[in-house]
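Heads up: the structure comes next, in structure tokens.
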Amino acid sequence: VTVKAWGQAWLLKHPVSTGATVTAADVVRGEADWAALPSPVVLDLAQWVGQSAAMPLSAGQPLRQAMLRPSQMFPAGAQVRVVVEGSGFAVTTDGMAVSPGLMGQPARVRTENGRILSGTVLDARTVQVRL
């Protein structure tokens, strides 16, 4: 038995090499067989824009979770902004990345007073710490 499940997906317009950042200009909406591979099709633009190709990608392929990985936003040692948020407060301070920062992933930062905190990478210069 062969199962096919067709639906809307983001299809690559052209080949994308390993490590290249995937942008909205690289894709077009179209029909794809969602059941062709075990990895889920990525539908939400916010889930994949700015991520890197984990392998060489061919034109016409639908974007799937296994094909992408978070892009490195900053290396260890970079100066970053640390936004500490808690119940009813938010404080912003400068810090230094102790680990590389991957978009949407945990990263460790050293604040100006020497404390090491762990937070989520928001962009190329910001780590958010929730208390």
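A few remarks follow.
- Counting only DSSP beta bridges with both residues in the chain, the antiparallel share comes to about 85 percent.
- When the Cα positions of 113, 65, 101 are compared along the charge dipole of the stretch 64-113, 65 comes out farthest toward the positive end, with charges on each C-beta of Lys, Arg, Asp and Glu.
- Normalised by the number of residues in the chain, the mean separation of alpha-carbon contacts (under 8 Å, six or more apart) gives a relative contact order of 19 percent.
- Counting only protein heavy atoms and a probe of 1.4 Å, the accessible surface of the stretch 72-131 is 52% carbon and sulfur.
- Two-site label geometry, residue 89 and residue 113: point separation in nm, points 7 Å out along Cα→Cβ: 0.9
- Percentage of interatomic Cα-Cα distances in the stretch 9-131 larger than 26 Å: 35
- Dipole moment magnitude, nearest 20 debye, the chain about Cα centre, only Lys, Arg, Asp, Glu C-beta charged: 200
- Annotation: peptides 106-112, 33-39, 62-68, ranked by per-residue average of other Cβ atoms within 10 Å with the highest first, follow the order 62-68, 106-112, 33-39.
- Looking at the chain, the accessible area is 57 square angstrom per residue; that uses a 1.4 Å probe and ignores ligands, DNA and RNA.
The values are calculated or read from the model by the stated rules, or taken from the named source; none is laboratory data. Bear in mind the structure is a predicted one, so any value in this text is a computation, not a measurement. As a convention, Cβ positions derive from the backbone with ideal geometry for all residues, glycine included, and neighbour counts pool all protein chains shown. Areas reflect the complete protein model, heavy atoms only, side chains present, ligands, DNA and RNA absent. Shrake-Rupley method; radii C 1.70, N 1.55, O 1.52, S 1.80 Å.
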